[in-house]
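One structure is given here, and the rest of the page talks about it.
Each reported figure results from applying straightforward, stated rules to the coordinates on display, with no laboratory input. Keep in mind the model is a prediction, meaning the values are calculated, not measured. Note: ideal-geometry Cβ built from the backbone for every residue, glycine included; neighbour counts use all protein chains shown.
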Amino acid sequence: MSDYPVVITSSDGYWPTVKVMTWLIQKHWKPAPRVIVGGFSDPPFDLPKKWSFFSCGKQEDYPLSKWSDAVIKLLEGIGEEVALLMLDDMWPVRGVDTRALDVAYGWMHQFKNVAKFELGADRLYAHGCDLHYARCAHLDIIKSMPGSPYHLSTMPGFWRVEHLLSVMVPGESPWDLELQGTTRLAHRSDLDVLGTRQWPLKVTLGHRGGDSKGLLLDEITPAEVDAMQAGGYFDRWGRESRQTD
């Protein structure tokens with residue numbers, strides 16, 4: 001089995017969001033991955049086994065417009081060649097196909113021209129994708145065309161760290177990186193972005209539209225919501241967080 005690092009970006013005000021992530025990863029991701037949380041102040045609760053924390057410094061030095069500065073510091077500081085990068089509200093909602101993740105991680109190490117191996121359905125439903133690029137094990141591997149929207153997406157996926165850093169610049173928000181970074185990555189004819197038909201890591205966005213005042217839990221089962229509610233995981237938001245739009 002691959003010992004890949006899952007790198008989760010977060011910030012001081014989003015530790016409750018990370019706490020929900022700990023519960024869902026421990027339920028759906030087996031065997032448990034090695035997780036690095038990148039943020040600022042130390043976590044206010046004990047992280048699970050195999051989880052660690054990397055501080056990028058003081059949060060006041062990294063407003064949202066300098067989100068990319070903090071991520072650059074995180075990626076340079078952890079010393080990983082390939083990492084599975086996720087944002088803190090990208091919560092897994094079903095069993096993770098860890099066999100597929102092992103295949104993708106191995107592919108990244110074999111083919112070093114691959115910048116990203118996307119693990120959700122973002123590339124599958126993007127326009128201009130080669131749906132018959134390759135097969136490996138039980139995976140149908142697809143290739144994102146440089147002209148596809150969000151060719152550089154922040155949705156979960158393995159990144160070769162040096163390639164991601166090569167198209168990142170200081171002074172960008174996550175949305176700036178997706179939009180402007182897509183153009184920069186699209187001009188790198190030497191780098192490929194891949195995905196699969198199989199959707200091995202399905203996540204929901206707990207804070208859709210960047211709204212941290214409430215949660216959208218419609219893709220999490222009622223039993224899971226009840227269990228987390230009983231454990232105090234939603235205390236920050238209250239019971240109204242169970243409502244969906």
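Fewest to most neighbouring Cβ within 10 Å: what's the order for 72, 141? Write down the numbers at each step before the final one.
On the way: 72 18, 141 22.
Neighbour counts put them in this order, fewest first: 72, 141.
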Report task. Work out the charge dipole of the chain with +1 on the Cβ of Lys and Arg and -1 on the Cβ of Asp and Glu about the Cα centre, then indicate which of 120, 47, 103 is farthest towards its positive end. Result -> 103
**Report entry** Sequence of 54, 158 once ranked by neighbouring C-beta atoms within 10 Å, starting from the fewest
**Finding:** 54, 158
Query raised in the report: Suppose every K and R has +1 on its Cβ and every D and E has -1 on its Cβ; what is the size of the dipole of region 5-242 about the Cα centre, in Debye to the nearest 20?
Result: 560
Query raised in the report: Which entries of 30/213; 27/202; 73/213; 30/202 show an alpha-carbon separation above 20 angstrom in the structure shown?
Result: 30/213; 73/213
Report summary line: For 118-127, 177-186, 191-200, ranked highest to lowest by mean beta-carbon neighbours within 10 Å, the order is 191-200, 118-127, 177-186
Query raised in the report: When the Cα centres of region 10-25 and region 121-156 are compared, how far apart do they sit, in Å?
Result: 28
Report task. Note down the magnitude of the dipole of region 70-179 about its Cα centre, charges +1 on Lys and Arg C-beta and -1 on Asp and Glu C-beta and zero elsewhere, to the nearest 20 debye. Result -> 360
Requested in this report: Show which lysines lie in cross-link reach of residue 112 when reach means a straight Cα distance below 18 angstrom and same-chain residues fewer than eight apart are skipped.
Outcome: 143
Report summary line: Taking Cα atoms, the helix 174-186 axis meets the longest principal axis of the chain at an angle in degrees (rounded to 10) of 10
Query raised in the report: So which aspartates and glutamates pass the test for residue 50, namely a Cα distance under 18 Å, with those fewer than 8 places away in the same chain ruled out?
Result: 3, 42, 80, 88, 102
Report summary line: Per residue convex hull volume, Cα only, region 5-242, in Å³ is 119
Query - Phi to ³J(HN,Hα) by Karplus 6.51 cos²θ - 1.76 cosθ + 1.60 over region 72-78, Hz, x for Gly, Pro - result: 4, 5, 4, 5, 5, x, 7
Requested in this report: Could you tell me how many degrees, from 0 to 90 and to the nearest 10, lie between the Cα long axis of helix 98-110 and the main elongation axis, the longest principal axis, of the Cα atoms of the chain?
Outcome: 40
